[in-house]
Amino acid sequence: MRKLRGFTLIEVLVVLLLTSIASAFLFDASSNLAHLIRKIERTTQVGKKEKLATTWVRDLVGASIAVEPMDKLYAFAGEPGFLRGVSSSSIFEESGKLAHYSLFLQSRGKNTVLIYQERENSAIELMERKGEVSFYYENTAGNRYRSWPPRKEFQGSLPRLVVLAGTEGMPLLIKINQRRLPIKDLRDLL
């Protein structure tokens, strides 16, 4: 009977070759996995920032107040590229205190950036949306307008809904939560 002495050189080389191929695939997969994890973390951070900005914009515009027509400086006004008004929910003022704000859209390459400004304070970029983006305004009857107020007799009033819509993605619907008819004299509150 013949005694086994071990593996032949060919068998050892085949095992080494298979091991090296398997380890090459494993290292490549692990580097791809690390890249994928970093990409997911970046996307999650951007999503959290956009969700926070969306919530804040809804609170800001939703807390806008209506004013008497003689208080034109503080009246809510909007065009496709900007809107301005007075809100009780601003960034720089304490909660509940009225502040004049502006939101405007600025193109950046193929995207549009939503920028917030309050009085003389510097502008803050809130979010970036893909494609062309603009505001439109809807009254209580459901009629849509490219600018607000649509007629002179609506001066000082608020739309029922402000929509930030674009060529890509879901539109941002902002419901005005406050009374949409003017209060008697805004100058006493500011």
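The values are calculated or read from the model by the stated rules, or taken from the named source; none is laboratory data. The structure presented is a predicted model; accordingly, all values stated were derived computationally and were not measured. So basically every Cβ, Gly included, is an ideal-geometry build from the backbone, and we count neighbours across all protein chains shown.
Annotations for the structure displayed:
- Only one of Ala63, Ala22 that is more than 28 Å from Thr167 (Cβ to Cβ) and within 19 Å of the chain's Cα centre (by Cα): Ala63
- Test: Ser88 is under 25 Å from the mean Cα position of the chain (by Cα), modelled with pLDDT under 80 and either exposed (fewer than 10 other Cβ atoms within 10 Å of the Cβ) or farther than 29 Å from Glu132 by Cα (or both): no
- Residue list for region 35-69, restricted to those being in contact (Cβ under 8 Å) with a residue 60 or more places away in the chain and under 20 Å from Ser157 (Cβ atoms): Arg58, Val61, Gly62, Ala63, Ser64, Ile65, Ala66, Val67, Glu68, Pro69
- Filter pass, Leu13 being over 28 Å from Phe154 (Cβ atoms) and not aromatic (Phe, Trp, Tyr): yes
- Within region 71-80, the set of residues being surrounded by fewer than 21 Cβ atoms within 10 Å (Cβ to Cβ), among the aliphatic types (A, V, I, L, M) and in contact (Cβ under 8 Å) with a residue 40 or more places away in the chain comprises just one member, Ala77.
- Enumeration of residues in region 33-59 that are among the hydroxyl-bearing types (Ser, Thr, Tyr) and either within 18 Å of Met170 (Cβ to Cβ) or modelled with pLDDT of 85 or more (or both): Thr43, Thr54, Thr55
- Of the candidates Ala141, Ala66, the single residue that is small (Gly, Ala, Ser), outside any strand (DSSP E or B) and buried (at least 17 other Cβ atoms within 10 Å of the Cβ) is Ala66.
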